[in-house]
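All remarks here apply to the structure that follows.
The values are calculated or read from the model by the stated rules, or taken from the named source; none is laboratory data. As the structure is a computational prediction, the values presented were derived from the model and not from experiment. Please note: Cβ atoms are built from the backbone with ideal geometry, for glycine as well, and neighbour counts cover all protein chains shown.
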Amino acid sequence: MTVQKDTSGLYRLIDRLYSDRRLEPDGYRALLVCDDHKVAGRLHEAAREETLKRFGTGIYIRGLIEFSSICRNDCLYCGIRRSNRKAERYCLSKEDILECCRQGYRLGFRTFVLQGGELPDTSDMLIEDICSAITSEFPDCALTLSLGERRDETYVRLFKAGATRYLLRHETRNPVHYSLLHPKEMSLEHRLHCLDVLKRTGYQTGTGIMVGSPFQTYDNIVEDILYIGDLKPEMIGLGPFIPHRDTPFRNYRTGLVDSLPADIVGLTARLISIFRLMLPDALIPATTALATIAPGDKNGTTPGGRETGIMAGANVVMPNLSPSRVRQGYSLYDGKASSGAEAAEGIGELEKRLEKIGRHIEISRGDFLHRE
Ligand code: SAM
């Protein structure tokens, strides 16, 4: 006997989210836990419509340069955490980074994202000098930083040096959950403070979470949605948590504690759609972690996480532009993809895979714009 589920209330929630841009916490929760593929299909369709209306079929590309694997932090989930003695440590020189940008520019990239472990404060001058060098050599390009928590005045100096976007995931808005993912010396309060400073400084600011991180519950994700709804970041990064063999979370399965085993790709996709409907102008990447956990096939015949994310409302991809000799060293989680369509030199493969889902690479800086 088949059990008939009444899903009409869920369709009404999707319509409300589409028209009002927000729901009550219970409404978000209901959409997150719902594994009915027809309801999810409608949610993605609404988000896709909104994306196409605002951005057309273009997908922005950002060249990701993994600046350094040296990190002063000890986040329990991360492969480059300070206490991982097995991690390979490197730091690219200014000339290495400029060379990456030159290669990226030739390939058509007009945004460079400098990401890395959290370097000591004594590196601030070096970072500032690198930002100035990039922005003076590539004045028509945007520079995004993702270098963790820094001093308030450093954020201001880096902005003056030409960086106009900053990605800093809050990771979780729940203080208890935060304390389970991070060492004692790190605090959610400080992370949120950094996000406020970034916004006030004038950066296009990105935040986000890992989906399915250890100890996470649906209620935690609802708290994240409410926080992001209030902060209104210009960029929202969502990727599944993937364990790393040399971290304390090596044995955690990706999933929520109140719904194991979970379809984490499906949950991430529903979350992307929710954010697209809440903050329709946001820049939302289909992340490397999503492409890693669901690679699909090379020809795009079986869609992977990247395509799933885009079909759910993502409009950005960030291929890896780091020199190939250091890519293995930036090991945040096991199996992290950094070749094929996840690599800058694989842009042809990316283009083909996007074509299969009716999209194309958009060659422009892709700044955040209010389009309403
Ligand atoms: N240090 C900077 C920071 O903290 O924002 C940037 C680098 S940090 C490694 C970039 C992001 O990687 C983090 O915000 C986190 O969400 C993600 N990350 C780290 N470990 C991960 C894991 N095991 N699975 C999935 N994502 C992970």
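Do we find that Asp96 is in contact with a helix residue (DSSP H, G or I) (Cβ under 9 Å, 6 or more places away or on another chain), touching a residue at least 12 places away in the same chain (Cβ under 8 Å) and more than 15 Å from the ligand (Cβ to nearest atom) in this structure?
Numbers: in contact with a helix residue (DSSP H, G or I) (Cβ under 9 Å, 6 or more places away or on another chain): yes; touching a residue at least 12 places away in the same chain (Cβ under 8 Å): yes; more than 15 Å from the ligand (Cβ to nearest atom): yes.
Yes; evaluated as a whole, the condition is true for this residue.
So, in segment 215-271, of the ones that are among the polar types (S, T, N, Q) and closer than 18 Å to Thr308 by Cβ, which residue ends up surrounded by the fewest Cβ atoms within 10 Å (Cβ to Cβ)? Quick ask: steps written out before the conclusion?
Going residue by residue through segment 215-271, those that are among the polar types (S, T, N, Q) are 216-217, 220, 247, 251, 254, 259, 268.
Next, only the ones that are closer than 18 Å to Thr308 by Cβ stay: 254, 268.
Working: Thr254: 24, Thr268: 28.
Checked segment 215-271; the qualifying residue surrounded by the fewest Cβ atoms within 10 Å (Cβ to Cβ) is Thr254.
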query = Quick check: anything in segment 78-97 closer than 28 Å to Leu192 by Cα, modelled with pLDDT of 95 or more and among the acidic types (Asp, Glu)?
reply = no
message = Restricting to segment 19-77, give me the number of residues that are of a type in the set (A, V, I, L, M, F, W, C), away from the ligand (no atom under 16 Å from the Cβ) and in contact with a Gly (Cβ under 8 Å, 6 or more places away or on another chain).
response = 4
request  = Residues being small (Gly, Ala, Ser) and within 12 Å of the ligand (Cβ to nearest atom): count how many of those fall in segment 292-302.
outcome  = 0
message = Checking the structure you have, find out if any residue of segment 278-292 is assigned to a helix (DSSP H, G or I), under 20 Å from the mean Cα position of the chain (by Cα) and more than 26 Å from Arg253 (Cβ to Cβ).
response = yes
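So that you can scan it fast, the table gives a plain yes or no per residue for (1) in a loop (DSSP other than H, G, I, E, B); (2) within 19 Å of the chain's Cα centre (by Cα); (3) hydrophobic (A, V, I, L, M, F, W, C):
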site	(1), (2), (3)
Glu307	no, yes, no
Gly335	yes, yes, no
Glu345	no, no, no
Gly348	no, no, no
task = Among the residues of segment 305-342, count how many are free of Cβ contacts under 8 Å to residues at least 40 places away in the same chain and in contact with a Leu (Cβ under 8 Å, 6 or more places away or on another chain).
result = 0
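Do you know which of the residues in segment 272-312 that are more than 25 Å from Glu49 (Cβ to Cβ) and of a type in the set (Ser, Thr, Tyr) is surrounded by the fewest Cβ atoms within 10 Å (Cβ to Cβ)? Break it down stepwise before answering.
Here is the first cut: in segment 272-312, the residues more than 25 Å from Glu49 (Cβ to Cβ) are 288-289, 292-293, 295, 297-299, 301.
Pick out the ones that are also of a type in the set (Ser, Thr, Tyr) and you get 288, 292, 301.
Details: Thr288: 23, Thr292: 22, Thr301: 9.
Here the residue is Thr301.
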inquiry  = more than 16 Å from the ligand (Cβ to nearest atom) and not basic (Lys, Arg): is that true of Glu137 in this structure?
reply    = yes
query = Consider Val197 against the criteria (1) over 23 Å from Asn251 (Cα atoms); (2) surrounded by fewer than 19 Cβ atoms within 10 Å (Cβ to Cβ): it satisfies all of them except one. Which criterion is unmet?
reply = (2)
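Of all residues in segment 29-52, count the ones that are assigned to a helix (DSSP H, G or I) and over 28 Å from Asp367 (Cα atoms). Even if it seems obvious, please write down each step before you answer.
We begin by selecting, within segment 29-52, every residue assigned to a helix (DSSP H, G or I); these are 29-33, 37-52.
Filter once more, keeping what is over 28 Å from Asp367 (Cα atoms): 29-33, 37-42.
Summing the residues that are assigned to a helix (DSSP H, G or I) and over 28 Å from Asp367 (Cα atoms) in segment 29-52 gives 11.
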message = Could you go through segment 120-130 and let me know if any residue there is farther than 22 Å from Lys160 by Cβ, within 14 Å of the ligand (Cβ to nearest atom) and modelled with pLDDT of 95 or more.
response = no
